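Report on the following structure.
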Amino acid sequence: MKWFWVGCLLIITSFYFSVMSLMNLFPIWLSFPSLFLSIYITVHAFNNRHRFKGF
């Protein structure tokens, strides 16, 4: 569950940098991959929360 909240925080910060990059204040080649990576981390953490790991 910790990774879910870390991912949410990463999404918020990377979205901020993505908006900054659209205003040409931050490099776009760095902001959008970080946004997609943070969304991937959050979705992956949310999907693996209640997975059966065996006996």
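Miscellaneous remarks
- FRET efficiency for PHE32 and PHE4, using Cβ-Cβ distance with R0 set to 30 Å, rounded to 0.05: 0.85
- Counting only alpha carbon atoms, the long axis of helix 28-47 and the longest principal axis of the chain meet at about 20°.
- Mean separation of Cα contacts under 8 Å, 6 or more apart, over the residue count of the chain: relative contact order %: 47 percent
- Extension gain for HIS44 to LEU22 (0.36 nm times residue separation, less C-alpha to C-alpha distance): 5.2 nm.
- 5 angstrom amide H check on PHE26, placed H, neighbours 5+ away: SER21
- Each stretch of four or more DSSP H residues adds -39500 (n - 2.57); spread over every residue of the chain, this sum gives -26000 deg cm²/dmol at 222 nm.
- 0 to 90° range, to nearest 10: angle between helix 2-22 axis and the chain longest Cα axis: 20 degrees
Every read-out reported here was derived from the displayed coordinates using simple, explicitly stated rules and does not represent laboratory data. Given the structure is predicted, the values throughout are model-derived calculations rather than measurements. Positions of Cβ are backbone-derived with ideal geometry, glycine not excepted, and every protein chain shown enters the neighbour counts.
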